[in-house]
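A short worksheet on the structure shown next.
The values are calculated or read from the model by the stated rules, or taken from the named source; none is laboratory data. Quick caveat, the model's predicted, so the values are computed rather than measured. Note: ideal-geometry Cβ built from the backbone for every residue, glycine included; neighbour counts use all protein chains shown.
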Amino acid sequence: MLKQNKYLIMVVGPTAVGKTSLCIKLAKNFQTEIISSDSRQFYRETQIGTAKPSPEELAEVRHHLIDHKSIFDVYDVKDFEKDALKVIEEIFQTRDVAIMTGGSGLFVDIIAHGMDEIPDIDPQIRTDLIKLYQEFGLEYLQNKLKETDPEYFEEVDLMNPQRLMRAIEVCLGTGKLYSTFRQKKKIERPFHIIKVGLNRDREELYQRIDQRMEEMIAEGLFEEAERLFPYRHLNALQTVGYSEVFGYLEGNYDKEEAIRLLKRNSRRYAKRQLTWFRKDPEITWFHPDQELEIMAFVQEKIRFLKR
């Protein structure tokens, strides 16, 4: 496919690494806009627990696909693909560069490469899995996925029962590994993609994660989760940052333990994000403080692709 002289800069990396700040600077440099590929930030009812850009940051540069859905909406990766490609096309009507950023590897990958169509699965499999989850809890799903698809187990957000059930039902319904459906199909987009990965020393990153969690708690995370508690069964709320507080509100442990779990599970989530992204050879890695080097890399890459 003949590619246009249009460039999508994908900035990826673990939670709290510093993607938002860098992307705003990139967007200002290229006089363009930012598209979120963070599946936790799509929903307008979840403000604090998903660490969205601040109102000040959102005002600096136009952002897309943040707060555009409700937690009551059914919204999956294929819906995101359609929405994101539409936004990218609109930006490219007037600009040569667009920025996409987020830590949700599956949502990044579907824009870069597409995804194999998964055959229809017998709905009874999902019904049975929901019953097993309700009876035996999250650990059952984690162990079942580890047994059926150990490769995807190493990458998926283990605190998200919807993601776990989806992978398990595909394995059971097709007799194939869920991970294989993410490897075969490679769609060529009509624009160039430049991938930038951000990472920090592990101790530095974990300190930032703990600090962010303290800030979120001070901003009202527990109060926000309490307002959302009646809807805790919804897919959009099956994520780190809310699940731990819901456990506290259900009386499973005290607040101090909830805070410990919030920090621990956020660190584990970051580790799994890195596991996912490190498998992508197209990503060039930088420390977030290497702003000049990142800018030079992107500009040189664009010059090279224009030849």
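Can you confirm whether region 130-141 contains a residue that is under 30 Å from ILE9 (Cβ atoms) and free of Cβ contacts under 8 Å to residues at least 60 places away in the same chain?
No, region 130-141 has no match at all.
I'd like to verify a number: residues in region 273-297 that are among the polar types (S, T, N, Q) and either part of a loop (DSSP other than H, G, I, E, B) or in contact with a Ser or Thr (Cβ under 6 Å, 6 or more places away or on another chain) (or both), how many?
Total meeting the criteria: 1.
Out of all the residues in region 143-164, which are surrounded by fewer than 21 Cβ atoms within 10 Å (Cβ to Cβ) and farther than 14 Å from TYR269 by Cα?
ASN143, LYS146, GLU147, THR148, PRO150, GLU151, GLN162
Within region 231-241, identify whether any single residue is buried (at least 18 other Cβ atoms within 10 Å of the Cβ), in contact with a strand residue (DSSP E or B) (Cβ under 7 Å, 6 or more places away or on another chain) and either among the charged types (D, E, K, R) or in the same structural domain as ILE24 (by TED's automatic domain parsing) (or both), and answer yes or no.
Yes, the conditions are met somewhere in region 231-241.
Pairs please, first residue from region 107-121 and on the phi > 0 side of the Ramachandran plot, second anywhere and surrounded by 15 or more Cβ atoms within 10 Å (Cβ to Cβ) and of a type in the set (Lys, Arg), Cβ atoms under 9 Å, 6+ apart in sequence or on different chains.
So the pair list comes out as GLY114/ARG189.
Checking the conditions here, which among SER70, SER37 is surrounded by fewer than 22 Cβ atoms within 10 Å (Cβ to Cβ) and touching a helix residue (DSSP H, G or I) at 6+ places or on another chain (Cβ under 9 Å)?
Going through SER70, SER37 in turn, just one is surrounded by fewer than 22 Cβ atoms within 10 Å (Cβ to Cβ) and touching a helix residue (DSSP H, G or I) at 6+ places or on another chain (Cβ under 9 Å): SER70.
Those residues that are within 23 Å of VAL196 (Cβ to Cβ), β-branched (Val, Ile, Thr) and either out of contact with any helix residue (DSSP H, G or I) (no Cβ under 6 Å at 6 or more places or on another chain) or part of a loop (DSSP other than H, G, I, E, B) (or both), I need them from region 103-162; list them, please.
If the condition is that a residue be within 23 Å of VAL196 (Cβ to Cβ), β-branched (Val, Ile, Thr) and either out of contact with any helix residue (DSSP H, G or I) (no Cβ under 6 Å at 6 or more places or on another chain) or part of a loop (DSSP other than H, G, I, E, B) (or both), then VAL108 is the only one that fits.
Quick one: would you say GLN211 is assigned by TED's automatic domain parsing to the domain that holds ALA98, surrounded by fewer than 15 Cβ atoms within 10 Å (Cβ to Cβ) and not β-branched (Val, Ile, Thr)?
Yes; evaluated as a whole, the condition is true for this residue.
Considering each of ARG189, ARG200 in turn, give the residue that is touching a residue at least 40 places away in the same chain (Cβ under 8 Å) and either closer than 30 Å to ARG166 by Cα or loosely packed, with under 14 Cβ neighbours inside 10 Å (or both).
Criteria check complete, one pass: ARG189.
Quick check: is even one residue across region 69-78 under 30 Å from ILE118 (Cα atoms) and hydroxyl-bearing (Ser, Thr, Tyr)?
Checked region 69-78: at least one residue is under 30 Å from ILE118 (Cα atoms) and hydroxyl-bearing (Ser, Thr, Tyr).
Kindly provide the set of residues from region 24-49 that are touching a Ser or Thr at 6+ places or on another chain (Cβ under 8 Å) and among the polar types (S, T, N, Q), ordered by number.
SER36, SER37, SER39, GLN41
So, in region 76-102, how many residues would count as being touching a strand residue (DSSP E or B) at 6+ places or on another chain (Cβ under 8 Å) and either assigned to a helix (DSSP H, G or I) or without any contact (Cβ under 8 Å) to a residue 24 or more places away in the chain (or both)?
5
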